[in-house]
Amino acid sequence: MTQYPVNMSVTPDVSAHFDEATNTISYIVKDPTSDACAIVDSVMDIDYAAGRITYDHADALIAEIQERGLKLEWIIETHVHADHLSAAPYIQDKLGGKIGVGSKIMVVQDTFGKIFNEGTEFQRDGSQFDKLFEDGDTYKIGNMDAFAIYTPGHTPACMVHVMGNAAFVGDTLFMPDGGSARADFPGGDAGTLYDSIQKVLTLPDDMRLFMCHDYGPNGRDIQWETTVGEEKAHNIHVGGGKTKEEFVKFRTERDATLDMPKLIIPSLQVNMRAGEVPKDKDGNPMLKVPVNAL
Ligand SMILES: [Fe+2]
């Protein structure tokens, strides 16, 4: 197993921005000893019925970074999201920073390149991104060390990013009362997701975990922060020592009842291009709807 360079003595400042339309939480993560920061999982707003894209959520992230005088070094995608569009290139245009995603993005691009019948001009080598992370890859945000953990299962390209004593778990885990993400998208696998979650749960008990989504189960207020210890003890899908067999049975049965996310069709086309809207042959931004393909 990969040895990860955990350093619990560094406590980044984490600023959360909740997107009500998609229940996504975007983060600005600041190095405690410099002005450097990273964004994790930004959101671009879409009114899909109207085909209209706007930038209120991204503009709020940009405004905060500018007001605090921070320097954006990284724009991290924990995975190719199927429920919201990434604003990474919009933010990069305004503030700079490198866009990074897991190296298995190539698998996702290949799968959905076929489903959306993308032509040969759609590169399936991850070249739309500035950095492709492998399991255990390290990088710097100012003086702060960060690293990526490969956590497939929800999708083949999922990574958890650890920055000091804060881990951004993407869609591996939800809050303890929310459980885990679905594993039934093309390339997903419940058993693989269980193994990935176990990797995250080997981090120190007091590692802070930040969710990509929260839906406020049972009417509680939206929350996004917990710890490894809390998840291990109380997560309703994997906590309290639930076995892989129990998890796979539960996850598979549950996933069979779930509808597709409302924004999966536009999200995949945009996010597999690092947040760029595809263009038609005349260069106009244009989205497709493959019929009976998902
Ligand atoms: Fe996701």
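Quick note: the coordinates plus some simple rules give every number you see, no bench work behind them. On a predicted model such as this, the values are computed, not experimentally measured, just so you know. So basically every Cβ, Gly included, is an ideal-geometry build from the backbone, and we count neighbours across all protein chains shown.
Some points to look at:
- Checked against a 28 Å cut-off, the cross-linked pairs LYS104/LYS288; LYS30/LYS114; LYS71/LYS281; LYS114/LYS140; LYS114/LYS244; LYS30/LYS94 give Cα-Cα distances beyond that limit for LYS30/LYS114; LYS71/LYS281; LYS114/LYS140; LYS114/LYS244.
- Ordering of 109-120, 46-57, 126-137 by packing is 126-137, 109-120, 46-57, highest average first (other Cβ atoms within 10 Å, averaged per residue).
- Antiparallel DSSP beta bridges within segment 13-271, as percent of all bridges there, nearest 5: 70
- Cα gyration tensor shape of segment 71-201, rounded if a/c is under 1.5, else prolate or oblate by comparing a/b with b/c: oblate
- Taking SER86, SER103 and counting other C-beta atoms within 10 Å, the order from fewest to most: SER103, SER86
- Straight-line reach from LYS98: taking Cα to Cα under 14 Å and skipping same-chain neighbours fewer than 8 places apart, the aspartates and glutamates in range are ASP41, GLU73, GLU77, ASP130.
- For segment 13-271, taking the reciprocal of the average inverse distance between every pair of different Cα atoms yields a Kirkwood hydrodynamic radius of 18.5 Å.
- In this simple spin-label approximation, ASN292 and THR54 carry label points 7 Å from Cα along the Cα→Cβ vector, and these lie 3.7 nm apart.
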